[in-house]
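Any read-out appearing in this document is the output of simple, stated calculations on the displayed coordinates, not a laboratory observation. This one's a predicted model, so the numbers in the text were calculated from it and none came from an experiment. A quick note on method: Cβ atoms are made from the backbone with ideal geometry, for glycine too, and the neighbour counts reach across all protein chains shown.
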Amino acid sequence: MNYIEPHGHMVSRTTDDYERMALAGCQAICEPAFWAGFDRASADGFYDYFRQITEYEPKRAARFGIKHFSWLCINPKEAEDTKLAEEVIGLIPQFIDKPGVLGIGEIGLNKNSRNELRIFEQHVQVAQDYDQLVLIHTPHLEDKLKGTKLIVDALKNFPKIKPERVIIDHVEEHTIDHVLDQGFWAGITLYPESKCTPNRAIDMLEHRHAERIWMNSACDWGISDPLAVPKTMQVMRQRGWTAEMIQQVAYENPVAFMGQSGKFHL
Amino acid sequence: MSDWTPPSTVNLVDLGFMDARSKLIDLAAFLDRVQRANQTDDFRVQALTNAIALLSLNEPTRAKEVLLSFSDPSADPIEKATMQGAIGAYRV
């Protein structure tokens, strides 16, 4: 069955992973800009990274018949250095019109600091100025609840940013209602230990009737599974989901959200 | 989604019991292990113990309540991030 991986950090995955995802039915992978596992020394590192995700990764994916799209930003883990962050934000306009760029992301918060919040708001301003979709990372573990509330509150200061053009990712049982009830999209991340298992994800999908929700693997350089989405689709089958409903979540929902960019063509 | 089709009824206990049983025994063994090592004063173990009590709730919101119990309850941003990772439980 076809599916879309709406959040995968393929720069840290092998070419074998592309092949396995293609064999599993993956039609498109969307790559938000993120932390490389270490702090980059200068904006030049981000310039090269933006070239990698907007020019090179689409070619690597195309070898397996997979479309590749990307999102641009400096991630919140490196946002405490506001000078660096502002320099990186200054690079975004050079790349924003590339054909596979869907919007600004994954911006957000990490430790919920004032500097992270300031840089988050600067990114949202760029999204507003360039009429871009927004993909938001919410903090990990004990910081997620507070960070999600701060993010939702901050977005209210940008009246031109429509909630239906924003996805707030990595929701869990204690944050999903807050996100969806404000009109945003929500992303559920299937990731070992620190995020969601397939069964928990399906519980939340059933609780919210799968409306305005996508699921992703967020596969990256950590212990993670690029096939987490198709494996969850298999668990959905075991739990009595119809093929149509599985397809709605794994394919149609990502298409509905990212189609708003005007660039998400499969 | 206006055309939500609920999944057909399946035996969720058949599907999930062995996995849940295994995880529960692993949790019990973890608590035994840290107790034998005299490490039960660690705030993370305390947080885990507090969260386990929430499993006795009689509402289908246990996962949410457990997550809330591990969460930072404050509302204001911190002045500066002094670390990049998260621990998994809020240190009171």
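The share of alpha-carbon pairs in segment A:112-262 lying farther apart than 17 Å comes to 61%.
Its Cα centre serving as origin, segment A:3-261 has a Cβ charge dipole (Lys and Arg +1, Asp and Glu -1) of approximately 320 debye. Sorted from longest to shortest, the spans of the Cα atoms of segment A:83-198 along the three principal axes equal 38, 28, 28 Å. For chain A, the relative contact order comes to 20 percent (Cα pairs under 8 Å, sequence separation of at least 6). Modelled spin labels at A:Lys263 and A:Asp131, positioned 7 Å past Cα toward Cβ, are 1.5 nm from each other. Applying both filters, DSSP loop and at most 10 other Cβ atoms within 10 Å, to the trypsin sites (Lys or Arg not before Pro) of segment A:164-266 eliminates every site.
Measuring between their Cα centroids, segment A:14-32 and segment A:111-130 lie 30 Å from each other.
Its Cα gyration tensor gives chain A an equivalent ellipsoid, and the semi-axes of that ellipsoid, as √(5λ) in whole Å with the largest first, are 26, 22, 17.
Only one residue of A:His174, B:Pro60, A:Ala154 has its Cα farthest out toward the positive end of the dipole of the protein assembly as shown, where Lys and Arg carry +1 and Asp and Glu -1 on Cβ, and that residue is B:Pro60. Less than 21 Å apart at the alpha-carbon level, and either on another chain or at least 8 residues along: which lysines does that give for A:Lys146? Those lysines meeting the cut-off are A:Lys77, A:Lys111, A:Lys156, A:Lys195, B:Lys64, B:Lys80. Normalise the Debye intensity by I(0) for segment B:13-70, one equal point scatterer per Cα, no solvent, then take log10 at q = 0.12, 0.17, 0.23, 0.28 Å⁻¹ and round to two decimals. Rounded to two decimals, the profile gives -0.35, -0.67, -1.03, -1.16. Charged neighbours of A:Ser224, selected by a Cβ distance under 11 Å, balance to -2 (K, R count +1; D, E count -1). Of the Cα atoms belonging to segment A:1-65, the radius of gyration and Dmax stand at 12.8, 42 Å.
Both radii were evaluated on the Cα set of segment A:204-254; the Rg over Rh quotient, with Rh as the Kirkwood radius, amounts to 0.99.
With a Förster radius of 25 Å applied to the beta-carbon distance between A:Arg118 and A:Ile223, the computed FRET efficiency rounds to 0.20.
Defining a contact as two alpha carbons under 8 Å apart and six or more residues distant in sequence, what relative contact order in percent does segment A:11-87 show? Result for segment A:11-87 is 43 percent.
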